[in-house]
Each structure stands twice: as structure tokens, then as C-alpha cells.
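Notes for the one structure printed next.
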Amino acid sequence: MSFEFDPDALRRIRLERGLSQGKLAAKVGRQATDISQIERGRRGLTVATLAAIADALDAPMDDFIKSADDRELVSA
């Protein structure tokens, strides 16, 4: 089983916390455009960045991870 980052989860959790991309970016020391690109799946991220995002959103890192097997089931 393999796992991958779920950009949709980032957007959903960020919105649930009432944060704009700019405010989240400021909390993690990134640019708002970086957060936008990460949410659209156009930019990868390091484990350190994911940890910083999870910390800023007060969410476990697991909330941002999906099984590649789940993705295959959805697209089937």
C-alpha cells in the first residue's frame, strides 16, 4: 500500500479553521502562492512543510494523507 498527500484535505481543513491561504502561509513561513499551488496539487511539499502546516492547523499529519489504493478505487 502506498500513501500520498491529499491537497483537497488541506483546503477543507484550512477552510474549517477559518484561515485564508495568506494567513496559513504566514503561520508556516511560506508565500500564499505556495499554499495555493500545494492545494491545487501543482507543488509538492516536504515532510517538514507538511508538519508545519499540520501544526498551524492543529491537525494530525494523517489527516492530509490518503492511500493511493483509495484514489484508484475512486477513479475506477
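Which distance in nm do the two modelled labels at Ser67 and Gln31 give, with both placed 7 Å along the Cα-to-Cβ direction?
It is 3.8 nm.
Answer with one residue from Ala56, Gln31, Thr46: the one whose Cα lies farthest towards the positive end of the charge dipole of the chain, charges on Cβ with Lys, Arg +1 and Asp, Glu -1.
The one lying farthest along the dipole's positive direction is Gln31.
Pick from Arg42, Arg11, Arg30: which residue has the top mean-square fluctuation in a GNM of the chain where Cα pairs under 10 Å get a spring?
Checking each option, the largest mean-square fluctuation is seen for Arg42.
Among Ala48, Ala56, Ala26, which one moves the most in a GNM of the chain with springs linking Cα atoms closer than 10 Å?
Highest fluctuation among the options: Ala48.
Suppose we look only past 19 Å in the calculated P(r) of the range 1-53. What percent of the Cα-Cα pairs does that tail hold?
16
Could you order Glu39, Glu16 by accessible surface area, starting with the largest, using a probe radius of 1.4 Å?
Highest to lowest solvent-accessible surface, that is Glu16, Glu39.
Using a simple charge model, +1 on the beta-carbon of Lys and Arg, -1 on the beta-carbon of Asp and Glu, nothing else, what dipole does the chain show about its Cα centre, in debye to the nearest 20?
So the dipole magnitude of the chain works out to roughly 480 debye.
The values are calculated or read from the model by the stated rules, or taken from the named source; none is laboratory data. Given the structure is predicted, the values throughout are model-derived calculations rather than measurements. Note that we place each Cβ from the backbone using ideal geometry, even for glycine, and neighbour counts take in every protein chain shown. Heads up: the accessible areas ignore ligands, DNA and RNA and are worked out on the full protein's heavy atoms, side chains in. Shrake-Rupley method; radii C 1.70, N 1.55, O 1.52, S 1.80 Å.
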